[in-house]
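Visitor: Right, I'll just put the structure down here and ask away after.
The values are calculated or read from the model by the stated rules, or taken from the named source; none is laboratory data. Bear in mind the structure is a predicted one, so any value in this text is a computation, not a measurement. Here Cβ is always computed from backbone atoms with ideal geometry, including for glycine, and neighbour counts include all displayed protein chains.
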Ligand SMILES: *Cc1c(COP(=O)(O)O)cnc(C)c1O
């Protein structure tokens, strides 16, 4: 069956087209042009900072943050095993070692305890991920990192708009990174952004983005840099998107709350649960999440197959944890991450999905989960 309800799709409901046409008319289609700075300022304003650096995707945002913090071979960085692969790859790009840690059953992110347990003598930093937009306890992780002289990067690719204790995610660590890929809450097609606390590191990150060139001396490159720039056309889309960020965020919140209502009978029977916000935290609800209560990956996959083939409802499994990938496999077990990864799925969650459609999708999910659970019994 064709996909009737995709998991995600970009909704360009603001001034994106007007800004893109303006960018084209201006002749500035590559990485100079006014929209880059306007987009950077508009995102920074949401993050309680006055500086941000737009780059060409969320993966290189992580790479730039690691390089700006001077990550080198012979050092190690703690990363949650349950994340998108980019988080770990950025560490590998620097020749450093990825050290995996287990996650919390509530928000799917690192905890201060899991970070403590993973710590090694060569650990210089931690990358915390706000998985599916649920804030990890980065207040406690920041304290731990400060105590031990290490840095913290917050991977906020999924958490634009989320906050912890009234502060936006991304405002706790030494650096934060964002992604504006097509399925993220706001998108530039491909795009990313870095924030950094330290002014010296900000300058270094700006040089790294632009081939290592000295801003005061053309074609003088005192370091090996990269071409990680965002185009003005992408930034024009991004400005239109970020102006509508509150709309997109309230849509994601409405959608998750509505699913929670329809899926409540599954929760009552212990067949599935939707992760919830912890006290003092506000999620971005990037994608609505459902974690099945029993059965393992075969049951989860059967539910997903059935929703697609019978009803055209697309879903996504949770990320495959890093310890299951060949390059990050280790001889250790990560029971919480493994359980979430094997039982978790994301439901259609795009702005504009109607209440009636959510109710209908939810009913099909309830029926599919009940049927598959019956097969187990
Ligand atoms: C999307 C995502 C990224 C990477 O973003 P790209 O823009 O696709 O390179 C990094 N980390 C997490 C957790 C993500 O979800």
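Visitor: Looking only at region 190-220, how many residues end up being touching a strand residue (DSSP E or B) at 6+ places or on another chain (Cβ under 8 Å) and either within 16 Å of the ligand (Cβ to nearest atom) or at pLDDT below 95 (or both)?
Guide: 7
Visitor: Another one. Do we find a residue being buried (at least 24 other Cβ atoms within 10 Å of the Cβ), touching a residue at least 12 places away in the same chain (Cβ under 8 Å), closer than 25 Å to residue 346 by Cβ and more than 10 Å from the ligand (Cβ to nearest atom) anywhere in region 69-81?
Guide: Within region 69-81 (the criterion being buried (at least 24 other Cβ atoms within 10 Å of the Cβ), touching a residue at least 12 places away in the same chain (Cβ under 8 Å), closer than 25 Å to residue 346 by Cβ and more than 10 Å from the ligand (Cβ to nearest atom)), the answer is yes, since at least one residue qualifies.
Visitor: Here is a further query. Taking only region 39-61 into account, find how many residues are within 20 Å of residue 215 (Cβ to Cβ) and surrounded by fewer than 16 Cβ atoms within 10 Å (Cβ to Cβ).
Guide: Result for region 39-61: 2.
Visitor: Write out, first by first residue and then by second, each pair whose Cβ atoms fall under 8 Å of each other, whose residues are 6+ apart or on separate chains, and whose first residue, in region 321-344, is crowded, with 18+ Cβ neighbours inside 10 Å while the second is at pLDDT below 95 and outside any loop (DSSP other than H, G, I, E, B).
Guide: Sorted first by the residue in region 321-344, then by its partner, the pairs are 342/297; 343/297.
Visitor: Look through 155, 246 and report the one residue that is surrounded by fewer than 22 Cβ atoms within 10 Å (Cβ to Cβ), within 20 Å of the chain's Cα centre (by Cα) and modelled with pLDDT of 95 or more.
Guide: 246
Visitor: Also, I was wondering about something else. Test residue 173 against the stated conditions and say whether it is over 30 Å from residue 19 (Cα atoms), more than 12 Å from the ligand (Cβ to nearest atom) and over 17 Å from the mean Cα position of the chain (by Cα).
Guide: Against the criterion (over 30 Å from residue 19 (Cα atoms), more than 12 Å from the ligand (Cβ to nearest atom) and over 17 Å from the mean Cα position of the chain (by Cα)), residue 173 does not qualify.
Visitor: Same structure again: Under 8 Å by Cβ, and 6 or more places apart or on different chains, what pairs join a residue from region 148-160 that is more than 12 Å from residue 135 (Cβ to Cβ) and without any contact (Cβ under 8 Å) to a residue 60 or more places away in the chain with one that is more than 10 Å from the ligand (Cβ to nearest atom) and part of a loop (DSSP other than H, G, I, E, B)?
Guide: Between residues of region 148-160 that are more than 12 Å from residue 135 (Cβ to Cβ) and without any contact (Cβ under 8 Å) to a residue 60 or more places away in the chain and residues that are more than 10 Å from the ligand (Cβ to nearest atom) and part of a loop (DSSP other than H, G, I, E, B), the close pairs are 148/119; 152/172; 152/173; 152/174.
Visitor: Could you tell me whether residue 14 is part of a helix (DSSP H, G or I), under 18 Å from residue 187 (Cα atoms), touching a helix residue (DSSP H, G or I) at 6+ places or on another chain (Cβ under 9 Å) and more than 16 Å from the ligand (Cβ to nearest atom)?
Guide: It is false that residue 14 is part of a helix (DSSP H, G or I), under 18 Å from residue 187 (Cα atoms), touching a helix residue (DSSP H, G or I) at 6+ places or on another chain (Cβ under 9 Å) and more than 16 Å from the ligand (Cβ to nearest atom).
Visitor: Filter region 275-320 down to the residues that are within 16 Å of the ligand (Cβ to nearest atom) and without any contact (Cβ under 8 Å) to a residue 60 or more places away in the chain, then identify the one that is farthest from residue 253 (Cα to Cα).
Guide: The extreme case among them is 320.
Visitor: What is the one condition in (1) in contact (Cβ under 8 Å) with a residue 60 or more places away in the chain; (2) surrounded by 24 or more Cβ atoms within 10 Å (Cβ to Cβ); (3) touching a helix residue (DSSP H, G or I) at 6+ places or on another chain (Cβ under 7 Å); (4) within 17 Å of residue 284 (Cα to Cα) that residue 181 does not satisfy?
Guide: Result: residue 181 passes all but (2).
Visitor: Being out of contact with any strand residue (DSSP E or B) (no Cβ under 8 Å at 6 or more places or on another chain) and within 16 Å of residue 263 (Cβ to Cβ) is the filter; apply it to region 283-294 and report the residue that is surrounded by the most Cβ atoms within 10 Å (Cβ to Cβ).
Guide: Step by step, filter region 283-294, then rank; the result is 285.
Visitor: Hey, any hits in region 305-318 for a residue that's under 20 Å from residue 101 (Cα atoms) and under 26 Å from the mean Cα position of the chain (by Cα)?
Guide: yes
Visitor: Being touching a helix residue (DSSP H, G or I) at 6+ places or on another chain (Cβ under 6 Å) and within 16 Å of the ligand (Cβ to nearest atom) narrows it down to one residue among 140, 158; which is it?
Guide: Matching residue, one of 140, 158: 158.
Visitor: Let me ask something additional. Scan region 44-58 residue by residue and report those that are more than 14 Å from the ligand (Cβ to nearest atom) and outside any loop (DSSP other than H, G, I, E, B).
Guide: Matches in region 44-58: 44, 45, 46, 53.
Visitor: Where residues in region 188-221 are touching a helix residue (DSSP H, G or I) at 6+ places or on another chain (Cβ under 8 Å) and without any contact (Cβ under 8 Å) to a residue 40 or more places away in the chain, which of them is surrounded by the fewest Cβ atoms within 10 Å (Cβ to Cβ)?
Guide: Residue satisfying both the conditions and the ranking: 215.
Visitor: Give the residues of region 326-377 that are over 30 Å from residue 244 (Cα atoms) and in a loop (DSSP other than H, G, I, E, B), sorted by residue number.
Guide: 329, 330, 331, 332, 333, 334, 377
Visitor: So, one more: If the requirement is being touching a strand residue (DSSP E or B) at 6+ places or on another chain (Cβ under 7 Å), within 25 Å of residue 181 (Cα to Cα), within 16 Å of the ligand (Cβ to nearest atom) and in a strand (DSSP E or B), which of these qualifies: 103, 91, 126?
Guide: Selected residue: 126, the only one of 103, 91, 126 that is touching a strand residue (DSSP E or B) at 6+ places or on another chain (Cβ under 7 Å), within 25 Å of residue 181 (Cα to Cα), within 16 Å of the ligand (Cβ to nearest atom) and in a strand (DSSP E or B).
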